[in-house]
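Some notes on the structure that comes next.
The values are calculated or read from the model by the stated rules, or taken from the named source; none is laboratory data. Note that the coordinates shown come from a computational prediction; the quantities given were computed from them, not determined experimentally. Methodologically, a virtual Cβ is constructed for each residue, glycine included, from the backbone with ideal geometry; neighbour enumeration extends over all protein chains shown.
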Amino acid sequence: MFAALFQALRHCPPSRRSAVLDALESRLGEVVDDLSAKLESLLAPGTPERDRIQGLWLLYLSLVSQSQGDVQMWIGPDLFSDDAESHLRLHLPEGGASAFRPRLPEELEILAQTVNNAARVTLNRPGPGQLVVVLRDATSPT
């Protein structure tokens with residue numbers, strides 16, 4: 001549903017988009033502050049595709065994780081190992097990914113495909129309660 005909302009807002013004139021997002025933000029309470037500005041930055045011309053996808057992931061996860069306890073998320077290298085690749089990283093509360101969002105890989109892939117239909121997502125689990133979301137293009141070898 002979030003992917004469909006993003007697609008609809010993408011084709012909506014900015015003046016109307018702002019009104020929709022302001023109404024949505026007021027219903028969400030303090031979950032996401034300045035939703036309109038965040039979405040505008042994702043839709044800005046010249047925003048690199050990877051940044052747009054990863055920003056969309058962070059926005060989506062901010063919305064769905066607020067009732068899930070202490071979920072830590074960031075884009076970048078792993079702070080606890082030698083992995084320097086810039087990926088979406090999650091540290092989840094007890095129960096891990098299956099307790100957090102059982103269909104997380106599918107959800108993130110659907111969101112990525114709203115930006116690039118060839119985008120694919122793989123999950124790595126480097127440790128208990130840790131997920132690394134790797135964004136790939138369907139044409140890449142791995």
Subject >> Unmet criterion (only one of (1) hydroxyl-bearing (S, T, Y); (2) under 27 Å from S36 (Cβ atoms); (3) modelled with pLDDT under 85) for T142 >> reply: (2)
Original post:
When L42 is evaluated against the numbered criteria (1) of a type outside the set (S, T, N, Q); (2) in contact with a Gly (Cβ under 6 Å, 6 or more places away or on another chain); (3) at pLDDT below 75; (4) within 22 Å of A3 (Cβ to Cβ), which criterion, by number, is the only one it fails?
Top reply: (3)
**OP:** Go over the candidates L5, L58, L88 one by one and state the one that is more than 30 Å from P126 (Cα to Cα) and at pLDDT 80 or above.
**Re:** L5
